[in-house]
Amino acid sequence: MTARSVIVTGGASGLGKIMSGYFASLGDTVTVLDIDAANGPAVAAELSARAARAETNGASVGGVRFRECDIASWAQQKAAFRAVYEEVGRVDVVVANAGVAEGGRSWVVPPAPMKGAEGVGLLDELDEPGLKVLDVNLTGNVYSVKLALHYMQRNAPDARTGLRGSILCTASNVGLYPFSPAPLYAASKHAIVGLVRSLGPVYGAAAHRDPDQRTRARCVRNMTVTPPSTLIAGVEKLMNDTSLNGQVAEIHGQSVTLRPPHEVVDADSRRNLDEFSRFGYGL
């Protein structure tokens with residue numbers, strides 16, 4: 001297989017690091033885009049060395065490069081993608097993986113309200129909700145998908161699949177289920193699932209779900225942790241089967257389960273959706 005140019009956002013740690021290492025092990029040239037400039041270069045060097053040690057049967061050795069980038073910044077992502085294209089010559093695979101947690105106390109559980117003279121809450125004391133989780137998890141990943149499509153359209157179609165590239169988006173199990181402790185995080189991940197399912201029929205996008213691994217012992221004591229091998233199995237499944245374009249795979253335990261969207265409630269709703277699609281509504 002010809003070595004590909006792969007971009008992984010948020011690839012300096014966690015799931016992104018696992019996937020960066022996987023693509024490097026296949027002989028691909030991997031560029032990690034991450035805000036973590038303190039650890040990113042060392043992670044890239046580690047993954048490159050690991051890929052070199054794993055070389056077998058004369059296969060090419062994949063290299064991993066690091067580039068500091070705030071995924072929530074259109075200007076920074078645009079510059080990073082352009083640099084990769086100019087340096088490597090193409091963009092074949094983009095893993096839109098970068099994400100942040102809501103962190104701290106959720107805005108849905110506000111502090112005790114301050115009361116004015118007439119017992120009315122003071123609006124001046126009402127804090128604006130922090131939206132960084134949406135800026136990174138949703139807006140930043142939308143930027144990644146748009147840039148991926150821009151550069152992949154320059155590729156010649158693959159002789160076997162007819163595709164010009166592959167896009168994987170990391171969502172979460174809370175992109176499928178309610179999660180009251182972090183409603184904005186859940187909203188951002190639901191949005192990624194909707195984005196992929198909506199773009200799939202047009203562009204052939206595919207998404208995998210973040211198995212939500214936790215590293216702190218107190219978090220995993222009573223939880224089942226999905227192993228990295230299952231994550232990679234899900235990536236391979238989505239990458240290698242073009243019939244799964246636009247599908248969502250739930251990665252859990254030792255299994256990769258496809259999660260289709262809800263059935264349309266009735267024939268009228270189905271007809272309305274089809275008509276909106278035919279007219280290009282919202283496009």
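The values are calculated or read from the model by the stated rules, or taken from the named source; none is laboratory data. Note that the structure is predicted; figures quoted are calculated from it, not measured. Cβ sites come from the backbone with ideal geometry, for glycine too, and all protein chains shown count toward neighbours.
Going by the conditions given, is Asn155 under 20 Å from Gln77 (Cβ atoms) and part of a loop (DSSP other than H, G, I, E, B)? If you could, list the steps in order and put the result at the bottom.
On the way: under 20 Å from Gln77 (Cβ atoms): yes; part of a loop (DSSP other than H, G, I, E, B): yes.
So Asn155 passes the test.
I'd like the residue in the stretch 1-31 that is in a loop (DSSP other than H, G, I, E, B) and within 12 Å of the chain's Cα centre (by Cα) and, out of all such residues, is surrounded by the fewest Cβ atoms within 10 Å (Cβ to Cβ). Give the derivation first.
Taking the stretch 1-31 as the starting set, the residues that turn out to be in a loop (DSSP other than H, G, I, E, B) are 1-4, 10-13, 26-28.
Then drop every residue that is not within 12 Å of the chain's Cα centre (by Cα), which leaves 10-11.
Details: Gly10: 30, Gly11: 32.
Among those that are in a loop (DSSP other than H, G, I, E, B) and within 12 Å of the chain's Cα centre (by Cα), it is Gly10.
Need the failing condition index for Asn57 against (1) surrounded by fewer than 24 Cβ atoms within 10 Å (Cβ to Cβ); (2) modelled with pLDDT of 95 or more, just the number.
(2)
Filter the stretch 187-205 for residues that are among the small types (Gly, Ala, Ser) and surrounded by fewer than 22 Cβ atoms within 10 Å (Cβ to Cβ); which is nearest to Ser20 (Cα to Cα)?
Of all residues in the stretch 187-205, those among the small types (Gly, Ala, Ser) come to 187-188, 191, 194, 198, 200, 204-205.
Checking which are surrounded by fewer than 22 Cβ atoms within 10 Å (Cβ to Cβ) leaves us with 187, 191, 194, 198, 200, 204.
Working: Ala187: 26, Ala191: 24, Gly194: 25, Ser198: 26, Gly200: 23, Gly204: 22 Å.
Among those residues, the one meeting the criterion is Gly204.
What's the number of the only condition in (1) closer than 24 Å to Gly165 by Cβ; (2) surrounded by fewer than 16 Cβ atoms within 10 Å (Cβ to Cβ); (3) at pLDDT below 90 that Tyr281 fails to meet?
Of everything listed in (1) closer than 24 Å to Gly165 by Cβ; (2) surrounded by fewer than 16 Cβ atoms within 10 Å (Cβ to Cβ); (3) at pLDDT below 90, Tyr281 misses just condition (1).
Of all residues in the stretch 131-173, count the ones that are charged (D, E, K, R) and closer than 30 Å to Leu184 by Cα.
Start the filter on the stretch 131-173 by keeping residues that are charged (D, E, K, R), which leaves 132, 135, 146, 154, 158, 160, 164.
Adding the requirement that they be closer than 30 Å to Leu184 by Cα leaves 132, 135, 146.
Residues that pass the stated criteria total 3.
Conditions first: (1) under 19 Å from Val6 (Cβ atoms); (2) of a type outside the set (A, V, I, L, M); (3) at pLDDT 90 or above; (4) surrounded by 14 or more Cβ atoms within 10 Å (Cβ to Cβ). Thr230 passes all but one, so which condition is the exception?
Unmet condition: (1).
Just checking, how many residues over the stretch 163-182 are at pLDDT below 90 and over 19 Å from Ile251 (Cβ atoms)?
Residues flagged as at pLDDT below 90 and over 19 Å from Ile251 (Cβ atoms) within the stretch 163-182 amount to 5.
Can you tell me which residues in the stretch 160-197 are assigned to a helix (DSSP H, G or I), under 12 Å from Leu138 (Cα atoms) and of a type outside the set (Gly, Ala, Ser)?
Here is the first cut: in the stretch 160-197, the ones assigned to a helix (DSSP H, G or I) are 173-175, 183-197.
The next check asks that each one be under 12 Å from Leu138 (Cα atoms); those that pass are 175, 184-196.
Once the filter is applied, which keeps residues that are assigned to a helix (DSSP H, G or I), under 12 Å from Leu138 (Cα atoms) and of a type outside the set (Gly, Ala, Ser), the stretch 160-197 yields Leu184, Tyr185, Lys189, His190, Ile192, Val193, Leu195, Val196.
Give the residue that is surrounded by the fewest Cβ atoms within 10 Å (Cβ to Cβ), with candidates limited to residues of the stretch 32-42 that are farther than 23 Å from Ala233 by Cβ and in contact (Cβ under 8 Å) with a residue 24 or more places away in the chain. Please lay out each step first, then the result.
First, the residues of the stretch 32-42 that are farther than 23 Å from Ala233 by Cβ: 33-42.
With in contact (Cβ under 8 Å) with a residue 24 or more places away in the chain added as a condition, the list becomes 33-37, 39-41.
Numbers: Leu33: 31, Asp34: 26, Ile35: 19, Asp36: 16, Ala37: 12, Asn39: 14, Gly40: 22, Pro41: 16.
Taking the candidates together, the pick is Ala37.
How about the stretch 84-102: which of its residues are surrounded by 15 or more Cβ atoms within 10 Å (Cβ to Cβ) and either small (Gly, Ala, Ser) or part of a loop (DSSP other than H, G, I, E, B) (or both)?
Just the residues of the stretch 84-102 that are surrounded by 15 or more Cβ atoms within 10 Å (Cβ to Cβ), to begin with: 84-85, 88, 90-100, 102.
Correct list: Arg90, Val91, Asp92, Ala96, Asn97, Ala98, Gly99, Val100, Glu102.
Could you give me the residue pairs with C-beta distances under 6 Å whose first residue belongs to the stretch 256-276 and is within 27 Å of Met239 (Cβ to Cβ), whose second residue is acidic (Asp, Glu) wherever it lies, and which are 6+ apart or on separate chains?
If the second residue must be acidic (Asp, Glu), the pairs left are Thr257/Glu250; Arg259/Glu250.
Of all residues in the stretch 220-273, which are of a type in the set (Gly, Ala, Ser) and not in a helix (DSSP H, G or I)? Outline the logic, then answer.
From the stretch 220-273, those of a type in the set (Gly, Ala, Ser) are 229, 233-234, 243, 246, 249, 253, 255, 267, 269; that's our starting set.
Within the stretch 220-273, Gly246, Ala249, Gly253, Ser255 qualify.
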